[in-house]
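Structure record follows, encoded as structure tokens.
The values are calculated or read from the model by the stated rules, or taken from the named source; none is laboratory data. As the structure is a prediction and not an experimental result, all values here were calculated from the model. Here the Cβ positions follow ideal geometry from the backbone for every residue, glycine too, while neighbour counts run over all protein chains shown.
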Amino acid sequence: MYSFNQIVEKLKQNQVVAYPTEAVFGLGCNPQSEQAVRSLLKLKNRPEEKGLILIAHQRELLLPYIDETMLTEQEWQRFETVGEQAITWVMPAKKSVPRYLKGQFETIAVRLCQV
């Protein structure tokens, strides 16, 4: 089992890591690294066109990917309400979000989770 710092180093090296989620273990990587995301897609045998879900424990980590101008304050409040069940939200993506993350869509799937 790796320590938190060792996992952070693996992510900085563009490697894929396994981590616990609400129900099962997930595979993750640095979403800003095309190389890392392509490795993840290959491991999961997932076509790029389907896109991926970005998971974070705070909204600020997802802001580089979400087009905030398309959301109302009420929508943000609903999004930030983390319940016992994980909810994946399909949000408008910023134009700068690469295709390898959002797939064939102009949206990005995101999830806020409890730490």
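Restricting the first residue to region 12-29 and requiring it to be touching a residue at least 60 places away in the same chain (Cβ under 8 Å), which pairs with a second residue that is part of a loop (DSSP other than H, G, I, E, B) meet a Cβ separation below 6 Å and a spacing of at least six or different chains? Pairs found: GLU22/ALA86.
For region 57-108, filtered to residues that are among the hydroxyl-bearing types (Ser, Thr, Tyr) and in a helix (DSSP H, G or I), the residue that is farthest from VAL37 (Cα to Cα) is THR69.
Against the condition among the small types (Gly, Ala, Ser) and within 17 Å of the chain's Cα centre (by Cα), how does SER33 come out, does it pass? Considered against the rule, which asks whether it is among the small types (Gly, Ala, Ser) and within 17 Å of the chain's Cα centre (by Cα), SER33 comes out as yes.
Give me the residue from region 56-87 that is aliphatic (A, V, I, L, M) and in contact with a Cys (Cβ under 8 Å, 6 or more places away or on another chain) and, out of that set, modelled with the highest pLDDT. Taking the candidates together, the pick is ALA56. The one condition from (1) more than 12 Å from VAL110 (Cβ to Cβ); (2) more than 14 Å from the chain's Cα centre (by Cα) that GLY26 does not meet is (2).
Among the residues of region 19-55, how many are of a type in the set (Gly, Ala, Ser), at pLDDT 90 or above and loosely packed, with under 13 Cβ neighbours inside 10 Å?
Narrowing region 19-55 to residues of a type in the set (Gly, Ala, Ser): 23, 26, 28, 33, 36, 39, 51.
Subsequent filtering for residues that are at pLDDT 90 or above retains 28, 33, 36, 39, 51.
Imposing the further condition that a residue be loosely packed, with under 13 Cβ neighbours inside 10 Å reduces the set to none.
Qualifying residue count for the region: 0.
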